[in-house]
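Nothing in this text is a laboratory measurement; each read-out follows from the coordinates by a stated rule. Just so we're clear, the structure is a prediction, and the values are computed from it rather than from any experiment. So basically every Cβ, Gly included, is an ideal-geometry build from the backbone, and we count neighbours across all protein chains shown.
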Amino acid sequence: MIKIPKNRTYSSAQVEFILMTEMKRVIKDTINQFSACVAMCLDSEAGMESDKIVKVFTEASKVFDSISAGALTLEECFEYLEVHTQIPMKDLFGDDYRMVTRQNA
């Protein structure tokens, strides 16, 4: 957590920078925590070998980069998963999962 001295005045640009820095840290921590949970489940629940877990995370990283670069949308990922796994995305992400994908709608 960022410690901000209370006896100081900050410009709006400084406040925005502090908030963006903290949000990036929180997002990175959340991704790391979730990734660790998935890796543990792949090992304990699916009995996946460590080399396959590494391969899964390598491929996941590539997909993540494609989404971040705008080459792939989250909506496209959901559609792919529903077709190829036959699992409704609401079963994985809850009823409001599509809200995330409709930001530009």
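Determine, at each q value in 0.25 (inverse angstroms), the log₁₀ of I(q)/I(0) that the Debye formula gives when each Cα of segment 1-96 is one equal point scatterer. One equal scatterer on each Cα of segment 1-96 leads to -1.39.
The HN-Hα couplings worked out from phi for segment 76-84 by the Karplus form 6.51 cos²θ - 1.76 cosθ + 1.60 (θ = phi - 60°) are 5, 5, 4, 4, 4, 5, 4, 6, 7 Hz, whole numbers, x standing for Gly and Pro. Across segment 57-66, computed HN-Hα scalar couplings (Karplus, 6.51 cos²θ - 1.76 cosθ + 1.60, θ = phi - 60°) run 5, 5, 5, 4, 4, 5, 5, 4, 5, 5 Hz from first to last residue, x flagging Gly and Pro. The H on the amide N of residue 72, modeled in the peptide plane, is under 5 Å from the matching H of 67, each at least 5 residues off or on a different chain.
What is the magnitude of the charge dipole of the chain about its Cα centre, with +1 placed on the Cβ of each Lys and Arg, -1 on the Cβ of each Asp and Glu, and no other charges, expressed in debye to the nearest 20?
In debye, rounded to 20, the chain gives about 780.
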